[in-house]
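Notes to accompany the following structure.
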Amino acid sequence: MKGFVENRFGLFLLVLIALGCLYGVAYVTRPAPARPQPPGPRKVAVESVTVACPPAGQKVSVFQQGALVRKAVKGPVSGPGTLEAGYTVRETSGKDRGLAGVRCAEPAATTWLIGPGPATADVVLHLTNADRAPAIADILLYAAEGPVLSDKAAGVVIAPGEHRAVDLKTLAPSSDVLAVGVVTTTGRLAVAARASYGGKGVDWLPSSTPPATSLVVPGVPGGGGRRELLVAAPGEADAVVSIKVVSEDSSYAMKGRETLEVPAGSVAALDVTTGLGGQSAALVLTSDQPVVAGVVATGTGASQDVAFTAGTAPLDLGSVVADNGKGSKLVLTAPGAAGKVRVEVVPGGKPFEVDVAAGRTKNVKLTAKGDFGVVVTPVSGTVYGARVTEERLKSGLLLTVSPLAPGRTWAMLPTLTADPAVVLP
């Protein structure tokens with residue numbers, strides 16, 4: 001051994017063996033490398049948009065590439081990613097008295113609506129297939145009593161280019177309140193619904209965010225009249241929903257109405273009129289089960305009108321309301337930290353910024369001559385909102401609400417990952 005060590009080649013070999021042992025121990029005991037985090041959703045520009053405006057033949061305000069035009073349309077409207085369209089109908093007497101506004105709908109695989117049922121109002125569901133292939137859809141119905149089963153609601157086939165009006169009396173005739181989910185198994189549909197109270201108000205139901213455990217219902221109008229919260233739990237488990245009001249002055253839970261229990265597969269209603277105190281507000285809901293929610297707002301006066309708002313996404317991608325007029329305002333809410341948005345009235349308006357305090361709701365009056373569009377762009381924070389239009393007549397208030405749904409200029413593209421399971425039997 002002594003000779004081996006004294007031999008310079010033997011010593012060199014021992015050094016190599018020692019270094020190898022050290023390297024091996026270091027390799028075995030080294031910390032595992034951090035797994036690369038998958039990239040999040042990417043914000044991408046929308047290249048083209050197709051929307052449907054039921055019923056055909058109405059004069060529609062179309063916002064496109066910064067310009068606003070008003071024209072009659074007979075079918076779907078297509079254009080670049082800046083396209084937005086909608087219209088408001090004003091009636092001062094008769095069975096359709098009221099302001100009724102609708103945002104032209106983009107075809108989608110799933111759409112949710114919540115509002116009155118056929119036992120309370122005449123509710124007509126409009127389904128439009130703007131694509132070149134047939135669409136097949138199931139109409140899911142949930143009432144106060146539970147799920148409503150109807151053979152006529154399953155496997156509804158809408159031909160390419162077809163528009164169909166479905167009177168919900170034919171599907172759920174005895175329901176006072178109703179949540180409706182239109183889910184396509186093939187193709188896409190543009191969905192809208194109109195509710196008429198036979199002379200006591202009329203409006204279109206805005207689409208709601210899909211069932212979620214956390215959502216915000218913005219644009220609850222201030223002033224007099226009844227305010228009713230509707231919450232649906234379309235899943236198989238009962239939901240316990242916590243409710244917080246974010247008003248002009250404060251954020252709070254309504255005394256005695258801090259929570260609402262919603263049986264599985266049903267819709268629950270809660271009168272929140274006194275809890276709002278006549279202020280403009282948003283309702284923040286947190287639930288242990290996915291829910292869909294909206295608010296029914298009734299106007300004041302001898303002749304009443306009605307308006308609807310529903311759970312809506314924040315203004316992260318901006319929003320456009322194409323059809324506005326005298327008496328229009330924005331109702332903006334920052335339920336958490338303070339937020340800021342940029343507002344521009346089209347045509348001819350100068351952009352201005354609006355600060356919304358943390359945990360507060362703010363009214364922003366909009367002024368312009370004639371019909372106009374409004375573009376709302378996020379600057380900072382998380383802000384929700386709606387456009388509210390009010391017209392005071394001697395006979396009573398006319399009222400309509402349009403939640404600020406995500407604009408169509410930008411979209412969030414989800415991350416795609418390679419998964420061999422998609423091609424396996």
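Here are some notes:
- Taking the longest Cα principal axis of the chain as reference, the axis of helix 8-29 is set at about 20 degrees.
- Report summary: the helix-based calculation at 222 nm, which adds -39500 (n - 2.57) for every DSSP H run with n ≥ 4 and divides by the residues of the chain, gives -2000 deg cm²/dmol.
- The D271 and A45 beta-carbon pair, evaluated with R₀ = 41 Å, returns a calculated FRET efficiency of approximately 0.40.
- Solvent exposure of the chain as accessible area per residue, Å², 1.4 Å probe: 48
- Loop-located trypsin sites (Lys or Arg not before Pro) in the range 310-414 (DSSP state not H, G, I, E or B) with no more than 14 neighbouring Cβ atoms inside 10 Å: K326, K369, K394.
- Cα gyration tensor, the range 58-183 - rounded (a/c under 1.5), prolate or oblate: oblate
- Hull volume in cubic angstrom per residue (convex hull over the Cα atoms of the range 110-250): 129
- With both labels modelled 7 Å from their Cα along Cα-to-Cβ, the A264 to D249 distance reads 4.2 nm.
- Estimated D of the range 362-413 in µm² per second, where Rh is the Kirkwood radius over Cα pairs and Stokes-Einstein applies at 4 °C, 1.567 mPa s: 94
- Links that overshoot a 30 Å alpha carbon limit, given the list K43/K255; K43/K152; K59/K200; K350/K394; K326/K362: K43/K255; K43/K152; K350/K394
- Two-site label geometry, T185 and K340: point separation in nm, points 7 Å out along Cα→Cβ: 5.2
- Where only alpha carbons of the chain are counted, the Rg and the Dmax (Å): 27.5, 117
- Remark: the chain carries a charge dipole of roughly 1200 debye about the Cα centre, counting +1 on each Lys and Arg Cβ and -1 on each Asp and Glu Cβ.
- The chain: most fluctuating residue of S175, S380, S402 per GNM, C-alpha cutoff 10 Å: S380
- For A239, the residues whose modelled amide H falls within less than 5 Å of its own, excluding neighbours fewer than 5 places apart on the same chain, are V262, A264.
- Close amide H partners of T186, meaning residues 5 or more places away or on another chain with modelled amide H under 5 Å apart, are I136.
- Highest-fluctuation residue, L270, L83, L125 considered, GNM on the chain with Cα pairs under 10 Å: L270
- Dividing the mean sequence gap of close Cα pairs (under 8 Å, 6+ apart) by how many residues the chain holds gives a relative contact order of 17 percent.
- Choice from G336, G181, G348 showing the highest fluctuation, given a GNM over the chain with Cα pairs closer than 10 Å: G348
- For the range 172-306, the spread of Cα positions along the three principal axes, ordered from largest to smallest, is 46, 37, 26 Å.
The values are calculated or read from the model by the stated rules, or taken from the named source; none is laboratory data. Since we're looking at a predicted model, the values are computed, not measured. Positions of Cβ are backbone-derived with ideal geometry, glycine not excepted, and every protein chain shown enters the neighbour counts. Please note that ligands, DNA and RNA were not included when accessible areas were found on the heavy atoms of the full protein model with its side chains. Shrake-Rupley method; radii C 1.70, N 1.55, O 1.52, S 1.80 Å.
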